[in-house]
Amino acid sequence: MTHRSSRRRAQSLAGGLLLTLSVAAVQAQPQTTPTFWNELTLESAVQEDAWQRLRGDFRWQIDADEPRVQRWLTYYRKHPNSVAAIAQQASPWLYWVMEELERRDMPGEIALLPFIESAYDPSAQHAGGATGLWQLMPGTGDALGLRRDWWYDGRLDVISSTRAALEYLQQQADQWYDGDFELALAAYNAGAGTVNRAMRDALAQGKSGSYWDLRLPRQTMNYVPKLLALSRIIAKPDYYGINLPAIADRPAFARVEVAGQIGLEQAARLAGVSEAKLEALNPGLLQNVTLPRRAPELLVPAKARNKLLAALASHPPQAMADWQRYQVKRGDTLSAIAARHSVPVSVLRQENSLSGDTIRIGQSLRVPQERGAPGTGTGTLVVRVKPGDSLSGIARRHDVAASDIARWNSLDSSQYLQPGQRLTLYLAN
């Protein structure tokens, strides 16, 4: 990373300008005695984009000549639009991922790993449980310290999951492979036990034990070759007929600390951006509300940061979260109120400082307000799908039939639900 930092410092010291000799300047004033300084003119430097910066961080291009890599190059060359589409999805995140890699002095090729894992979609979820930009399993996320609860899933949070995934890769490389990140990537995909057994077999056969010597599961055999094929394409997009979208070498988003809880709908209005844009930048906030009882961080488009900060200074965020007061009625139980509002009983206890499940008639409780839900007494409820939700699970929570939910929302009862999807339920009054 030292050469990288030195080059960037040099660019800054030059003030973004290049000095070039100009013979024409001397010819225009033949009577002037030429000096070094009057033979110089200033030209604006070409602004480096994120792709150019990434190319400078590549380290494994020599391995791109491997036959398995060449096969994937042929495949991607036949599907140029898919590469360009994923590259477009990377635009909000690429700069930040590169910053984290450079800070750790890790190979730039790893910035392309989310191409393979999630198509650079932070909300991507695999049926097997892998979730987020880096497709972390629940157990892996837990082991890496990523919080998961009703409010939040750290695997969906690009900031938290990127740091966790890179830390995990670094640990694998240091612990087992003497810093070899190709082997660490194989372990990321197949598990260290599988890779270590393959290494022992290769060494017993007199081979070097590098990634290219190992016999691994089919997916892992293609894992690093896919990555290196993509890096070769990014290195020479014109040669491979790929049109990469322009991505500026500067942050696309800014982090704003919020003193209290705030809903994304209100935050978007204050920042002057669409709610959809804030949802896309903050997929880890499962309820579209920042986290309670701590100073939560909200990602906003970089250009909207100052406007949001100014608005927050004059609006108390505690009053802006998507919560409402509910007065306990005869026959109510805490579990029934929790089911009605799609919230775990534990969250209601926590939000209302309850030590147990006992509530009394007339008591006022703080409950989440379903966004887009009709008014009281209409008999309908809009539910936002959370990671891990199923039709049967939602049906149980709201005491309706899964087949009814499917019919009400024109769904195939066997299809997977997508986090963030909204379902309309018709409840008995």
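The values are calculated or read from the model by the stated rules, or taken from the named source; none is laboratory data. On a predicted model such as this, the values are computed, not experimentally measured, just so you know. Cβ atoms come from the backbone with ideal geometry, glycine included; neighbour counts cover every protein chain shown.
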Pick from region 353-379, criterion under 33 Å from the mean Cα position of the chain (by Cα) and under 22 Å from GLY420 (Cα atoms), ranking: modelled with the lowest pLDDT: PRO374
Could you tell me whether region 199-211 includes any residue that is touching a strand residue (DSSP E or B) at 6+ places or on another chain (Cβ under 6 Å), aromatic (Phe, Trp, Tyr) and modelled with pLDDT of 95 or more? no
Quick check on region 264-276: of everything there that is surrounded by fewer than 18 Cβ atoms within 10 Å (Cβ to Cβ) and under 13 Å from PRO301 (Cβ atoms), which residue is nearest to the chain's Cα centre (by Cα)? ALA276
Return yes when TYR168 is closer than 19 Å to GLY108 by Cβ, at pLDDT 95 or above and over 23 Å from the mean Cα position of the chain (by Cα) and no when it is not. no
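Which residues, counting only those in region 124-153, are part of a helix (DSSP H, G or I) and either in the same structural domain as GLU279 (by TED's automatic domain parsing) or among the hydrophobic types (A, V, I, L, M, F, W, C) (or both)?
The answer is ALA143, and nothing else.
Residue-by-condition table, conditions (1) at pLDDT 85 or above; (2) part of a loop (DSSP other than H, G, I, E, B); (3) touching a Lys or Arg at 6+ places or on another chain (Cβ under 6 Å):
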| residue | (1), (2), (3) |
| --- | --- |
| GLU265 | yes, no, no |
| ALA268 | yes, no, no |
| PRO283 | yes, yes, no |
| ALA310 | yes, no, no |
| GLN318 | no, no, no |
| TYR326 | no, no, no |
| ALA336 | yes, no, no |
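Name the residues in region 119-150 that are surrounded by 23 or more Cβ atoms within 10 Å (Cβ to Cβ) and within 30 Å of SER346 (Cβ to Cβ), would you?
Scanning region 119-150 gives PRO122, THR131, GLY132, LEU133, TRP134, GLN135, LEU136, GLY141, LEU146.
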Residues in region 175-234 that are closer than 24 Å to SER118 by Cβ, of a type in the set (A, V, I, L, M, F, W, C) and either buried (at least 21 other Cβ atoms within 10 Å of the Cβ) or touching a Gly at 6+ places or on another chain (Cβ under 8 Å) (or both): how many? 14
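For every residue, the table says whether it meets (1) modelled with pLDDT of 85 or more; (2) more than 26 Å from LEU298 (Cα to Cα); (3) outside the structural domain of GLU279 (by TED's automatic domain parsing).
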site: THR333; (1), (2), (3): yes, yes, yes
site: ASN409; (1), (2), (3): no, yes, yes
site: SER414; (1), (2), (3): no, yes, yes
site: PRO419; (1), (2), (3): no, no, yes
site: LEU425; (1), (2), (3): no, yes, yes
site: ASN429; (1), (2), (3): no, yes, yes
Quickly run through region 195-213 and pick out the residues that are free of Cβ contacts under 8 Å to residues at least 40 places away in the same chain and closer than 25 Å to ARG104 by Cβ. VAL195, ASN196, MET199, GLY209, SER210, TYR211
SER231 passes all but one of the listed conditions (1) within 29 Å of ARG147 (Cβ to Cβ); (2) touching a helix residue (DSSP H, G or I) at 6+ places or on another chain (Cβ under 8 Å); (3) of a type in the set (S, T, N, Q); the exception is number (1)
Any idea how many residues of region 281-296 are among the hydrophobic types (A, V, I, L, M, F, W, C) and surrounded by fewer than 17 Cβ atoms within 10 Å (Cβ to Cβ)? 1
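Can you tell me which residue among ALA90, ALA64 is buried (at least 19 other Cβ atoms within 10 Å of the Cβ), closer than 30 Å to ASP238 by Cβ, modelled with pLDDT under 95 and of a type in the set (Gly, Ala, Ser)?
Criteria check complete, one pass: ALA64.
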Residues of region 76-123 satisfying the condition of being in a helix (DSSP H, G or I), without any contact (Cβ under 8 Å) to a residue 40 or more places away in the chain and under 21 Å from MET137 (Cα atoms): PRO114, GLU117
Test of understanding: among TYR95, TYR76, which residue is among the hydroxyl-bearing types (Ser, Thr, Tyr), surrounded by fewer than 21 Cβ atoms within 10 Å (Cβ to Cβ) and farther than 21 Å from GLN418 by Cα? TYR76
